[in-house]
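The values are calculated or read from the model by the stated rules, or taken from the named source; none is laboratory data. None of the values given here were measured: they were computed from a predicted structure. Cβ: placed from backbone, ideal geometry, glycine included. Neighbour counts: every protein chain shown.
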Number of protein chains: 2
Amino acid sequence: MLNKKGRPQGEKPDAREALIKAARYKFLNKAYDKVSIRELAQYAGVNSAMIKYYFESKEGLYRAMIMEVTGQVIGNIKSRLQSGDFMSVEGFFRSFVDVIKQSPEFPLLMLKEVMLGQGVSRQYLIEQLSQTHVKVIDQVFEHFHAKGRIKAGVDPKMFRMSLMSLTLNPWYMRELLGIIEGVDYDDAFLERLIAHNTLLIEQGFFVGEDHE
Amino acid sequence: MLNKKGRPQGEKPDAREALIKAARYKFLNKAYDKVSIRELAQYAGVNSAMIKYYFESKEGLYRAMIMEVTGQVIGNIKSRLQSGDFMSVEGFFRSFVDVIKQSPEFPLLMLKEVMLGQGVSRQYLIEQLSQTHVKVIDQVFEHFHAKGRIKAGVDPKMFRMSLMSLTLNPWYMRELLGIIEGVDYDDAFLERLIAHNTLLIEQGFFVGEDHE
DNA sequence: CTATGATTTAATCACCTGATTAAATTCTTG
DNA sequence: CAAGAATTTAATCAGGTGATTAAATCATAG
């Protein structure tokens, strides 16, 4: 057994970044426990001990990755909040699709974490969700309700449930739909989705004055 | 070390059933790998070797449990299909809630399996879903489309997407909503959900002749 | 009662996991 | 160039996992 320790020459120093990237890729389609630190390290081209060095533990790496992805999504949503992009029904659906397109891992990562996370970063994610997605929808409702554009009797909580369902679920079903009938989430499909959802919500919940 | 082998007296003989029940409970809120065969066996009040005896392996037990839960749901849906319960919008939403209420583990188990199952029973579940939920919705669409009750330009695939989202997503969000604002999925809540979804779909996709 | 097969047990196995270490190498900077 | 800090390595560790076994017990038919 030869003993050759130390770093080989001419290697990239950015093990940390490589590990985050590997985590982002590996944790997406596999269960947490099915991803070993050796697998992560190999994919990142890095020694597995670097996980402890930079993140203290496997869970630390996972949490850091979740923070990064979530941070991107939350930041993106917050900047759009100020721009008023969400203040039309179509704008809401379009903005949401745009945000997710930039971090397509997010819905599934979030769902997995909220559903079966054992405290790894569950509380954090739930808080972030409460303050963004939920909050945005409630603001949209308030906006139109104040203008008298929402039909009488529409329950704001149920309004929110519908909008969350229509925006999130298509992303959960992405792989399923791909398998059972080859649906491709390309731009054309997403445009149809936006138009379809917009129509549904405007016809279903808005009074008929004029749409948009 | 004392050596006391064999079965104690007066024990229930139905280890198989106890194990399925334990699997149904334990696999629901925990990731597959976080549930050990020792934990399953202890919860079932049974020796862990019984898993091999009856199911060949941990994965065999898991698969058997999935089959049981899925079988109940599929059977329930199929019997309702013949009764025509689904042939109104409200009937569709009400029937779906009724079915899920009887097997509330199903949506999450299915989602976990489709999302991150590594072939354990993924293909089976996808086929079953294609032949029931998807098929039911397509039949509902056909039914009303043939009667000219569906608005022009409504894409059947998107129609299906909406109905799947509105029926499934509330169950995925159950725990999240419970945490962030104490929503309880009691009968009153489910009735509001049914009424809300019915209104949304009828107003959004149906022509205005008369609703039900 | 007895023999046979089904069931259940305690104990053990090999293996993989995440974590950790001490040494080797590289980088920085004076 | 030299010294100290930062980074990276191979190797190892303890612990838990699913699987497996041989023996013990139970149920049952004759």
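Results, tabulated for the structure shown:
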item: Flag if A:Phe92 is among the aromatic types (Phe, Trp, Tyr), more than 14 Å from chain B (Cβ to nearest Cβ), in a helix (DSSP H, G or I) and more than 14 Å from DNA strand C (Cβ to nearest atom); result: yes
item: Lone qualifier among B:Ala146, B:Ala188 - being of a type outside the set (Ser, Thr, Tyr), on the phi < 0 side of the Ramachandran plot and over 25 Å from the mean Cα position of the chain (by Cα); result: B:Ala146
item: Every residue from region A:5-27 that is at pLDDT below 95 and within 10 Å of DNA strand D (Cβ to nearest atom); result: A:Lys5, A:Gly6, A:Arg7, A:Pro8, A:Glu11, A:Lys12, A:Pro13, A:Asp14, A:Ala15
item: Contacts under 6 angstrom Cβ, first residue in region A:183-207 being of a type in the set (Gly, Ala, Ser), partner outside any loop (DSSP other than H, G, I, E, B), 6 or more apart; result: A:Gly204/B:Leu200; A:Gly204/B:Gln203; A:Gly204/B:Gly204
item: Breaking point among (1) touching a residue at least 12 places away in the same chain (Cβ under 8 Å); (2) assigned to a helix (DSSP H, G or I), for B:Phe86; result: (2)
item: Test: B:Lys58 is farther than 30 Å from B:Ala146 by Cα, more than 8 Å from DNA strand D (Cβ to nearest atom) and within 14 Å of chain A (Cβ to nearest Cβ); result: no
item: In region B:95-138, the residues that are of a type outside the set (A, V, I, L, M, F, W, C) and outside any helix (DSSP H, G or I); result: B:Ser103, B:Pro104, B:Glu105, B:Gly117, B:Gln118, B:Gly119, B:Ser121
item: Looking only at region B:28-46, and only at residues there that are at pLDDT 95 or above, within 13 Å of DNA strand D (Cβ to nearest atom) and in a helix (DSSP H, G or I), the one that is surrounded by the fewest Cβ atoms within 10 Å (Cβ to Cβ); result: B:Arg38
item: Condition broken by A:Asn169, with the remaining ones in (1) within 10 Å of another protein chain (Cβ to nearest Cβ); (2) exposed (fewer than 14 other Cβ atoms within 10 Å of the Cβ); (3) assigned to a helix (DSSP H, G or I) satisfied; result: (2)
item: Filter result (among the aliphatic types (A, V, I, L, M) and touching a residue at least 12 places away in the same chain (Cβ under 8 Å)) within region B:150-169; result: B:Ile150, B:Val154, B:Leu163, B:Met164, B:Leu166, B:Leu168
item: B:Val114 more than 14 Å from DNA strand D (Cβ to nearest atom), β-branched (Val, Ile, Thr), over 30 Å from B:His145 (Cα atoms) and within 14 Å of chain A (Cβ to nearest Cβ); result: yes
item: Boolean, A:Met65 is more than 24 Å from A:Ile126 (Cβ to Cβ) and either within 16 Å of DNA strand D (Cβ to nearest atom) or away from every other protein chain (no Cβ under 14 Å) (or both); result: no
item: Among the candidates A:Arg94, A:Arg149, A:Arg160, residue that is in contact with a strand residue (DSSP E or B) (Cβ under 8 Å, 6 or more places away or on another chain) and not aromatic (Phe, Trp, Tyr); result: A:Arg149
item: Members of region A:185-207 that are in a helix (DSSP H, G or I), more than 8 Å from every other protein chain (Cβ to nearest Cβ) and not acidic (Asp, Glu); result: A:Ala188, A:Phe189, A:Leu190, A:Ile194, A:Ala195, A:Thr198
item: Selection within region B:191-212 - among the hydrophobic types (A, V, I, L, M, F, W, C) and either buried (at least 18 other Cβ atoms within 10 Å of the Cβ) or at positive phi (or both); result: B:Leu193, B:Ile194, B:Leu199, B:Leu200, B:Ile201, B:Phe205, B:Phe206
item: Region A:58-71, subset closer than 21 Å to B:Lys34 by Cβ and out of contact with any helix residue (DSSP H, G or I) (no Cβ under 7 Å at 6 or more places or on another chain), residue surrounded by the most Cβ atoms within 10 Å (Cβ to Cβ); result: A:Arg63
item: Which listed residue, of A:Gln139, A:Gln123, is more than 11 Å from chain B (Cβ to nearest Cβ) and surrounded by fewer than 20 Cβ atoms within 10 Å (Cβ to Cβ); result: A:Gln139
item: Some residue of region A:176-184 being buried (at least 17 other Cβ atoms within 10 Å of the Cβ) and either on the phi > 0 side of the Ramachandran plot or part of a helix (DSSP H, G or I) (or both); result: yes
item: Among (1) part of a helix (DSSP H, G or I); (2) closer than 27 Å to B:Ala195 by Cα - the single one A:Leu61 does not satisfy; result: (2)
